[in-house]
Amino acid sequence: MAGASLEIDRVEAAYGPVKVLKAVSLAVKPGEFVALLGSSGCGKTTLLRAISGFVPIASGRISVDGRDISRLPPDRRDMAMVFQSYALWPHMTAAGNIGYGLKLRGWDKPRIAERVGQMLAMLKLDGLGDRMVTQLSGGQRQRVALGRALAIDPRILLLDEPLSNLDARIREDVRHEIKALQNKLGITAIHVTHDREEAMVMADRIVILDAGEIAQVGSPEEVYNRPASAFVASFMGAGNVVRLAARREGDGIVLGAGDLSNEIRVPVGSISGLAGAQVIAHFRGEAASLGAADADDADRLVLRGRIAQASYPGGHWRYGVAVGSQHFMVDDPRRLNVGEPVGIGLPLSSLHLFAA
Amino acid sequence: MTALAWLPRAIILGLIAFAIFGPLANLALWAAAEQWYFPHKLPVTYGLKFWHQVFKPSSDALLSLGNSVVIALLTVVVSLALAVPAGYALARLSLPLRGLIMLAFLLPQAFPSVAVYINVARIFYGFGLNGTIAGVVLVHAVHGLVFAVWIASAAFAAVDRDLELAALNIGAGALRTFFTVTLPLAAPGIVASAIFVFLESLDEFTGTFFVGVPDVTTLPLLMFTASIAGNYQIAAITALILLIPSVGFMLFVERFLKADVLAKVGT
């Protein structure tokens, strides 16, 4: 069965007086892999649980293939969820867990056995069907949980941080396996995670949530390179923030950090909603380069500072650069000494500019 | 001095051992004594005469044993029929009055039991329940519900909610989820509560005395009558019979009831 489309229309949810979801709207195409990304408490898990029916919604509409399912109980929504804790039934074997949903659907024993066998083979769990789930390793349990969800051929697969309990090394592999399976089976998947890289690697589209609202929706490349807000920029790793003075000059805006930098000219359209004389610029450490402190290029903002800290995380050096009272993390392939004066070179494309 | 450091500990242990095993030894002696009277410190003659008396087909003892077991089993059924749903509700649903309800099950213990049972007996007269097995079962169930509900609720609370959600999510209805996931996982706790109720009922005296006598006699009542009449042998033998299920079940509970369930009792 191919995946279903999912439409979330102005959905609100609350725990007591606390609003957790504020008019969230989102349309997911059939077979699409969407990641809900955000820090803890942003509402991503609540949104997933609202879709699965575990959390009642206060208002709005959730529909699958155009059919309103907002009021349906969880057992009639034809979705399958992989839980963060895996939620495998400890009193059943791996095969028992995977076959449970099929038994509910009235399949006869040989058919269930066949399907469970296929699942075990697909998930590289051959020979482990008779083990109790308590005797399986973390990675194996994770696969059983995935198998249980996929066995019933769900139209929508819900993934609630399914990788967060795995070792970092296994996690990398499982990411690609899940993505490949989802692609092969053509299921629509909603994946909740707080791991930016995981979302980037797995999802077709990323939904960034902040305090119960959608901050941005877009492809991994879009949200990474064109963050819609300062929040998204820093969440997507552009953690260096510098406040710049802005002034109108003809058809452009001149930006600078006073004594601490040169001045560059940017087109008016590059900063939306600019009203005052202040701009906040976010940039990534890896998008900057270190050069001479007195460099003054027209196309690059150069922040003047000195190296305060150096470390080698592998592949390149990472420097803490002090500019005035501020501190920026910048990557550079060269070996530089602590105390050396440097200029942080920031091409216009590396700057994410927002009105302050 | 240091050579005698073990002495206080040995004395204390000895006293504790005596406190526990002294009465049991006395019981065992009485059960095997045919004649034992003052001023002899030990029985005069030993024998199994009274065992024959207790176990002869027409004896009161066998009838009482039968009554005791039937009543205990029925009490378990009645108690669990109430405790399983009540325990589940108390464990899962965020009832505002949860604490109060839990306390309410303790109430029958809070009042002097004789006063309570005299009034229960009076009310049961009106319904024709006095002197019936059903009446005794009801009285025992009130008593047993305390354990049953508290332990069952702890057992259900120890079942991870996600395990139930996983079943619902994959298409199992609420009842199906309960019977295939929740109940099997809570089973050890439920069995433990059944055992406690069974033992409580087997040992119960006061309620049976007011509601059952003279038509319904149980082992504890027989024991009471026997010791009042000076038949210590009969009393000792009945006591030993009562001891068997208690010890057996205690071993079972100790072995199968997990610490995580016990930790949730009363919360």
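The values are calculated or read from the model by the stated rules, or taken from the named source; none is laboratory data. As the structure is a prediction and not an experimental result, all values here were calculated from the model. Cβ coordinates were reconstructed from backbone atoms using ideal geometry, including for glycine residues, and neighbour counts include every protein chain displayed. For the accessible areas, the whole protein counts, side chains as well, though only heavy atoms, and no ligand, DNA or RNA atoms are used. Shrake-Rupley method; radii C 1.70, N 1.55, O 1.52, S 1.80 Å.
Checking each residue in region B:168-186 for being open to solvent by less than 10 Å² (accessible area, probe 1.4 Å) and more than 7 Å from chain A (Cβ to nearest Cβ) picks out B:Thr177, B:Thr182, B:Ala186. Checking region B:148-163 against the condition returns no match, with no residue being charged (D, E, K, R), open to solvent by less than 10 Å² (accessible area, probe 1.4 Å) and within 14 Å of chain A (Cβ to nearest Cβ).
Does B:Leu138 satisfy the condition of being open to solvent by 10 Å² or more (accessible area, probe 1.4 Å), more than 30 Å from A:Ala87 (Cβ to Cβ) and at pLDDT 90 or above? For B:Leu138, the condition - open to solvent by 10 Å² or more (accessible area, probe 1.4 Å), more than 30 Å from A:Ala87 (Cβ to Cβ) and at pLDDT 90 or above - is met. Only residues that are open to solvent by 20 Å² or more (accessible area, probe 1.4 Å) and farther than 21 Å from A:His327 by Cβ were counted across region A:227-271, and they come to 13. Do we have any residue at all in region A:54-77 that's within 14 Å of chain B (Cβ to nearest Cβ), in contact with a Lys or Arg (Cβ under 9 Å, 6 or more places away or on another chain) and of a type in the set (Ser, Thr, Tyr)? Looking for residues that are within 14 Å of chain B (Cβ to nearest Cβ), in contact with a Lys or Arg (Cβ under 9 Å, 6 or more places away or on another chain) and of a type in the set (Ser, Thr, Tyr), one finds none in region A:54-77, hence no. Selection of first residues in region B:28-54 that are small (Gly, Ala, Ser) and of second residues that are loosely packed, with under 15 Cβ neighbours inside 10 Å, restricted to Cβ pairs under 7 Å at least 6 apart or on distinct chains, gives the following pairs, ordered by first then second residue: B:Ala32/B:Tyr46; B:Ala33/B:Tyr46; B:Gly47/B:Glu34. Restricting the search to region A:69-103, which residues are part of a helix (DSSP H, G or I) and touching a residue at least 40 places away in the same chain (Cβ under 8 Å)? Selection gives A:Ala94, A:Asn97, A:Ile98, A:Gly99, A:Tyr100, A:Gly101, A:Leu102.
From the residues in region A:89-99 that are hydrophobic (A, V, I, L, M, F, W, C) and open to solvent by less than 20 Å² (accessible area, probe 1.4 Å), which one is nearest to the other protein chains (Cβ to nearest Cβ)? Restricting to residues being hydrophobic (A, V, I, L, M, F, W, C) and open to solvent by less than 20 Å² (accessible area, probe 1.4 Å), the top hit is A:Trp89. For region A:219-245, the set of residues classified as assigned to a loop (DSSP other than H, G, I, E, B) and either in contact with a Leu (Cβ under 7 Å, 6 or more places away or on another chain) or among the small types (Gly, Ala, Ser) (or both) consists of A:Ser219, A:Ala228, A:Ser229, A:Gly237, A:Ala238, A:Gly239, listed by residue number.
Note on region A:100-116: among residues that are open to solvent by less than 40 Å² (accessible area, probe 1.4 Å) and away from chain B (no Cβ under 11 Å), the one that is nearest to the chain's Cα centre (by Cα) is A:Val116.
When the strands (runs of 3 or more DSSP E) confined to region A:3-58 are screened for residues that are farther than 15 Å from A:Ser70 by Cβ and β-branched (Val, Ile, Thr), those reaching at least 3 such residues are found at A:18-28.
Among the residues making up region A:281-327, those that are touching an Asp or Glu at 6+ places or on another chain (Cβ under 6 Å), in a strand (DSSP E or B) and open to solvent by 50 Å² or more (accessible area, probe 1.4 Å) are A:Trp317, A:Arg318. Residues being assigned by TED's automatic domain parsing to the domain that holds B:Leu219 and in contact with a Phe, Trp or Tyr (Cβ under 9 Å, 6 or more places away or on another chain) are represented in region B:96-104 by at least one member.
Take A:Arg131 and tell me if it is open to solvent by 60 Å² or more (accessible area, probe 1.4 Å), more than 14 Å from chain B (Cβ to nearest Cβ) and modelled with pLDDT of 90 or more.
Considered against the rule, which asks whether it is open to solvent by 60 Å² or more (accessible area, probe 1.4 Å), more than 14 Å from chain B (Cβ to nearest Cβ) and modelled with pLDDT of 90 or more, A:Arg131 comes out as yes.
All of (1) open to solvent by less than 40 Å² (accessible area, probe 1.4 Å); (2) facing chain A (nearest Cβ under 9 Å) hold for B:Ala194 with one exception: (2). Region B:140-203 holds helices (runs of 4 or more DSSP H) entirely within its bounds, and those carrying 3 or more residues that are aliphatic (A, V, I, L, M), out of contact with any Gly (no Cβ under 7 Å at 6 or more places or on another chain) and more than 30 Å from B:Leu65 (Cβ to Cβ) map to B:161-169, B:183-203. Only one of the numbered conditions (1) modelled with pLDDT under 80; (2) in the same structural domain as B:Gly131 (by TED's automatic domain parsing) is not met by B:Ala31, and that is (2). On the stretch given as region A:199-218, residues that are part of a helix (DSSP H, G or I) and surrounded by fewer than 21 Cβ atoms within 10 Å (Cβ to Cβ) total 2.
Looking at B:Ala72, B:Ala86, just one residue is farther than 22 Å from B:Thr238 by Cα, open to solvent by less than 50 Å² (accessible area, probe 1.4 Å) and assigned to a helix (DSSP H, G or I), and that residue is B:Ala86. Restricting attention to region A:32-68, the residues that are touching a residue at least 60 places away in the same chain (Cβ under 8 Å), open to solvent by 50 Å² or more (accessible area, probe 1.4 Å) and among the charged types (D, E, K, R) total 1.
Taking residues in region B:59-88 that are in the same structural domain as B:Ala141 (by TED's automatic domain parsing), and partners anywhere that are of a type in the set (A, V, I, L, M) and outside any helix (DSSP H, G or I), the pairs with Cβ atoms closer than 7 Å and at least 6 places apart or on different chains are B:Asn67/B:Val216. Residue-level check: of (1) modelled with pLDDT of 90 or more; (2) in a loop (DSSP other than H, G, I, E, B), A:Leu163 misses just (1). Of all residues in region A:9-31, those satisfying the criterion of being touching a residue at least 60 places away in the same chain (Cβ under 8 Å) and buried (at least 17 other Cβ atoms within 10 Å of the Cβ) are A:Val20, A:Leu21, A:Val24, A:Leu26, A:Val28, A:Gly31.
Got at least one residue in region A:84-95 being at pLDDT below 95 and within 30 Å of A:Glu221 (Cα to Cα)? The answer is yes; a qualifying residue exists.
Is it the case, given these coordinates, that B:Ala115 is small (Gly, Ala, Ser), under 25 Å from A:Pro90 (Cα atoms) and assigned to a helix (DSSP H, G or I)? It is false that B:Ala115 is small (Gly, Ala, Ser), under 25 Å from A:Pro90 (Cα atoms) and assigned to a helix (DSSP H, G or I). Scanning region B:117-135 for residues that are open to solvent by 50 Å² or more (accessible area, probe 1.4 Å) and under 25 Å from B:Ile195 (Cα atoms) yields a total of 2.
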